[in-house]
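Student: Input: one structure, supplied below.
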């Protein structure tokens, strides 16, 4: 396994943790520090995390596709959707685009997107080799 494989798995596990720990806290599991504040700042940080992770996911998808893995196209699709969600939110904060870009979904949606991206990054660890 290459370094990119391990980086993909590590980034995926971090994203899964970032997304699942607050969700677990919403169900009353874990200590109080599991919850992070649901302010505009945390939503902005989550948006940047989603967009940057989506770029990394797209790079992993291209590697998967070049290795003739059929998972690569699904990974690319998930990465493109996540990049669109995160990227349009970021553009909206800079005043670029219509007011629709400035729509801020609930922080739980960001958590679910992080978990999905993390799952695909961990899966990319194995798919990049086959």
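Student: In degrees, nearest 10, range 0 to 90: what is the angle between the Cα axis of helix 71-93 and the longest Cα principal axis of the chain?
Tutor: With rounding to tens, the tilt is 30 degrees.
Student: For helix 40-66, report the angle its Cα long axis makes with the longest principal axis of the Cα atoms of the chain; keep it between 0 and 90° and round to the nearest 10°.
Tutor: Once rounded, the angle reads 10 degrees.
Student: Determine, for 128, 4, 123, the number of other Cβ atoms within 10 Å of each Cβ, and report the residues in order from fewest to most.
Tutor: 4, 123, 128
Student: So for the chain, averaging the separation of alpha carbon pairs under 8 Å that are six or more residues apart and normalising by length, what relative contact order in percent results? Walk me through the numbers before you get to the answer.
Tutor: Values: 171 pairs, mean separation 56.4, N = 130.
Rounded, it is 43 percent for the chain.
Student: Turning to a different aspect of this structure: Measure nothing fancy, just the Cα-based angle from helix 107-127's long axis to the longest principal axis of the chain, in degrees from 0 to 90, nearest 10.
Tutor: The angle comes out near 10 degrees.
Read-outs throughout are calculated quantities, based only on the coordinates presented, and are distinct from any laboratory measurement. Worth saying up front: this structure is predicted, and the values here are computed from it rather than measured. Cβ coordinates were reconstructed from backbone atoms using ideal geometry, including for glycine residues, and neighbour counts include every protein chain displayed.
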